[in-house]
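Rule-based calculations on the coordinates, nothing more; no lab input. The structure presented is a predicted model; accordingly, all values stated were derived computationally and were not measured. No Cβ is skipped: glycine too gets one built from the backbone with ideal geometry, and neighbour counts run over all protein chains shown.
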């Protein structure tokens, strides 16, 4: 790879893992692009950086990023990351995974990590369905949407992820779509600079698996939906930010500080070790 | 951190759960993640009190799935890590036990066995998980499992479990039961210099040359940890020596899974431990493990007093199974008696190893282990 024409971001990627597995029109590449831009702009120490993913299309991100990385079992990225962060709190630990992984099978881990305010950073690609397994209903699938397991229309109410994250105790919460590349990059930079449990939902197109069953056959059509429906409203009430066909509220919802789990825990340990 | 506090050298009166926790700390364990469950809770409670004294981490996770996931994470970040549970929690851990096997994460898992299936008998002993520990996760793999019979062994075997986990990069199990866990006995904790400690092999090559799953001659790859500058990848998917997913490549799958099995199988002679009592001339061999082995020893002695040539083969290592030792003991024996607190699990392995010598299972379910008289009666009946 070395040479005059090496891509300036080559250092951030494992070239031998490319080509990636993602479909044309998928938003995961946009998310990875924004993530790498954020790493580059912040000049992060890549030797002290860990990316953890669960299972799903976006879960392959851990393998593509050229840092210490781990691809866990389905839903378990957050508790794995919890072990890493507590063992070596000096590491920056980022979880990049999907809506099904983080909020269905891994939902319990998400709310408890947010409650503890452990300093791991979570980026969720929300594509409204299980893409890798061929497009089944998930915890963020809109009502009435068609998926392979809701052939007559979805009758489950979806999660409002930013509301869930806020209620669970996350100290930084934002939502963007893959249309909002600059805001997303800016937001990831903030996420990486915050101390506590931080969360970004990225609404992401899945035309091949989700869109084509729901009158959005191409990535462009899905992006067109994001463009028409998105309303930027920073620090609005996350409880009122449900995603509907007509409206996707994007922006930052929470940006507060409170002691992190590892600060409190290591503070206790220091006192006890000293007393001994 | 916490050097002189880490090994409580001296003579103590302890419960098995506490001895297990102290063994872990003496072995260098500095990370415990768990979830309360009878009869293993006291291990977590003792760890919660002791870990901060030695600069270690205790975290109570939201469930056992999270506990084992956090343990694997801490192991990859460089700490010796452990969790402790019982039947229902052990079942929940199975998927990520497979992840620990596949990613070769050294870690120790204590299963204090109680009566099952399901919620079963939370406060009473069992030996019903001895096949689950070998076969509980999906896929094909080998692990190491030890069976303590006393509170002293809860200390000693937990130390040994960490050494084995670090040596072979494999999840290693302490298969205790409610009795050895809750019983209080004398425990001697040696001075630190008399406790053998093994740490995982580290890579000796540069980042550019490091392949995280390239084994040495012993089939075990040296292990870099997160934050050490190696920038490596690990995955539960079938992967090549670089750690890269190769899910469509049957050659890679064969090479990887066969090595994961072989690193235990081909080192089995170094791993396996048994205790042999009066086996040289034994006509009747009792094969037992855990708390039941203590009743079995008493029964064998009684039989000898009455002129019956009985002997005891106590399995310290349940997995890899000490098949060679069973086969050798079976050569001269007329019968093998296998008392277990289940409906017949390890007896199947004994039968495989014993070949033509008949093996008689003596089941026991419920409240107590076999009495010496019950095992003695089986010796008389089949001897």
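With viscosity set to 1.567 mPa s at 4 °C, what whole-number translational diffusion coefficient in µm²/s follows for the protein assembly as shown from Stokes-Einstein and a Kirkwood radius over Cα pairs?
49 µm²/s
Under 1.5 on a/c is rounded, so check that first for segment B:250-381, then, if it is not, pick prolate when a/b is larger than b/c and oblate when it is not; a ≥ b ≥ c are the square roots of the alpha carbon gyration tensor eigenvalues.
prolate
Pulled fully out, how much extra length does the chain show between residue B:304 and residue B:380, if you take 0.36 nm times their separation in residues and subtract their Cα-Cα distance?
Full extension from residue B:304 to residue B:380 adds 26.3 nm.
To check my understanding: the extent here is largest minus smallest coordinate of the Cα atoms along each principal axis. What are those three numbers for segment B:10-194, in Å, largest first?
44, 37, 28 Å, listed from the longest principal axis down.
Considering segment B:175-254, what Rg and Dmax in Å follow from its alpha-carbon atoms?
Radius of gyration, then largest Cα-Cα span, for segment B:175-254: 19.5, 55 Å.
With no solvent and one equal point scatterer placed on each C-alpha of segment A:16-86, evaluate the Debye formula and give log10 I(q)/I(0) for q = 0.12, 0.15, 0.24 Å⁻¹, two decimals.
Results for segment A:16-86 at q = 0.12, 0.15, 0.24 Å⁻¹ read -0.33, -0.52, -1.21.
Among B:31, B:157, A:5, A:80, rank each residue by its count of other Cβ atoms within 10 Å, from fewest to most, as a rough exposure measure.
By the 10 Å Cβ count, ascending: A:5, B:31, B:157, A:80.
Starting from the exponent 0.38 and prefactor 2.2 Å, build the expected Rg for chain A from its residue count and divide its actual Cα Rg by it.
0.99
With both bridge residues required to lie in chain B, what share of the DSSP beta bridges run antiparallel, to the nearest 5%?
30 percent
Evaluate 2.2 N^0.38 Å with N set to the residue count of chain B, then give the Cα radius of gyration divided by it.
Dividing the Cα Rg of chain B by 2.2 N^0.38 Å gives 0.99.
May I ask for log10 I(q)/I(0) of segment A:112-170 at q = 0.15, 0.16, 0.28 Å⁻¹, from a Debye sum over the Cα atoms as equal point scatterers with solvent left out?
Here log10 of I(q) over I(0) equals -0.54, -0.59, -1.06.
Full-extension gain between residue B:241 and residue B:281, please, as 0.36 nm times their residue separation minus the C-alpha to C-alpha distance.
9.5 nm
Which whole-angstrom value gives the distance between the alpha carbon centres of segment B:125-201 and segment B:29-87?
15 Å
Please identify which residues in segment A:179-214 have an amide N closer than 19 Å to a label point set 7 Å out from the Cα of residue A:144, following the Cα→Cβ vector.
Inside the label zone: A:210-214.
Segment B:226-292 to segment A:193-238: how many Å between their Cα centroids?
Each part's Cα centre sits 45 Å from the other's.
Please average, across the residues of B:53-61, the number of beta carbons from any other chain that are within 10 Å of each residue's own beta carbon, and give a whole number.
Mean shielding by partner chains, rounded to a whole number: 5.
Once the Cα atoms of helix B:292-305 and of chain B are each reduced to a long axis, what angle between those two axes, in degrees from 0 to 90 to the nearest 10, is obtained?
Long axis of B:292-305 versus the principal axis of chain B: about 30 degrees.
Determine, for B:252, A:50, the number of other Cβ atoms within 10 Å of each Cβ, and report the residues in order from fewest to most.
Placing the least packed residue first, the sequence is B:252, A:50.
Kindly identify segment B:114-246 as rounded, prolate or oblate by the Cα gyration tensor criterion: order the square roots of the eigenvalues as a ≥ b ≥ c, call it rounded if a/c is under 1.5, otherwise compare a/b with b/c, prolate if a/b is larger, else oblate.
oblate
Checking the a/c ratio against 1.5 first, then a/b against b/c, what shape does the Cα gyration tensor give for segment A:49-110?
The shape class here is oblate.
Taking springs between alpha-carbon atoms closer than 10 angstrom, which of A:233, A:174, A:81 fluctuates most in the Gaussian network model of chain A?
Looking only at A:233, A:174, A:81, the largest GNM fluctuation is found for A:233.
Between residue B:368 and residue A:246, how many nm apart are label points set 7 Å from Cα along the C-beta direction?
7.5 nm
When a footprinting reagent is the concern and you count Cβ atoms within 10 Å, what order do A:204, A:236 take, fewest first?
With the fewest neighbours first, A:204, A:236 line up as A:236, A:204.
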